[in-house]
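Below you'll find the structure, written out as structure tokens, and then a few comments.
Since every read-out is calculated from the coordinates, none of them should be taken as a lab result. Note that the structure is a prediction, hence the values are computed from the model and not measured. Because the Cβ atoms are built from the backbone with ideal geometry, glycine has one as well, and the counts that use them run over all protein chains shown.
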Amino acid sequence: MTDHQKVYVMLRAKGLRMTSPKKRILDVFLNNQDRMLSVADIAALLEGSAAIDNATVYRNIQKFTELGILESFNDEQGVNRYTVFEQEHHHYLICTGCGKIIKIPCVKCFWQTQALKNDFQETHHKLEVYGKCAECAAMKAEI
Ligand SMILES: [Zn+2]
Ligand SMILES: [Zn+2]
């Protein structure tokens, strides 16, 4: 199954009716899985096809996040950005310049050692590393 099919199957299993705006918004996410997208990014990526207003985009993103299809992050400016949620546990390097994301494996043994040392029972953890990707760093150097 492709990622697209997997998400559609998951939506149906959760009882969500697949409308045309929903499908188009999801497709934008599925086709841009290497980036964190803000509502404004989605609106820009949807341009050219029949318009979907920002309120509809926002409402659907909220719904998808609730259902665990998208995960959200706050960027440096406090803007919510979203990407397709993946079952497999991992972390992100997030570019604050272009929103590009690079998945990195978890350093679980490090957390576990620290938790153990402090007699702390971990339930879950989150780690995002913010910075500039190679392209954005190079662009900045040119200016
Ligand atoms: Zn970048
Ligand atoms: Zn982890």
Checking Y130 against (1) away from ligand 2 (no atom under 16 Å from the Cβ); (2) within 22 Å of K6 (Cα to Cα); (3) assigned to a strand (DSSP E or B), the condition it does not meet:
(2)
Extreme residue, farthest from N60 (Cα to Cα), among residues of region 111-127 that are near ligand 2 (Cβ under 10 Å from one of its atoms) and loosely packed, with under 11 Cβ neighbours inside 10 Å
H124
Considering residues of region 103-132 that are within 16 Å of ligand 1 (Cβ to nearest atom) and without any contact (Cβ under 8 Å) to a residue 40 or more places away in the chain only, the residue farthest from G78 (Cα to Cα):
I104
Within region 46-55, is even one residue within 14 Å of ligand 1 (Cβ to nearest atom), more than 24 Å from V9 (Cβ to Cβ) and surrounded by fewer than 16 Cβ atoms within 10 Å (Cβ to Cβ)?
no
Residue count, region 36-45 (criterion: touching a residue at least 60 places away in the same chain (Cβ under 8 Å) and either within 24 Å of V9 (Cβ to Cβ) or exposed (fewer than 11 other Cβ atoms within 10 Å of the Cβ) (or both)):
1
Please indicate, with yes or no, whether at least one residue in region 72-84 is away from ligand 2 (no atom under 16 Å from the Cβ), aliphatic (A, V, I, L, M) and surrounded by 13 or more Cβ atoms within 10 Å (Cβ to Cβ).
yes
Regarding D75, is this residue more than 16 Å from ligand 1 (Cβ to nearest atom), more than 24 Å from T2 (Cα to Cα) and of a type in the set (D, E, K, R)?
no
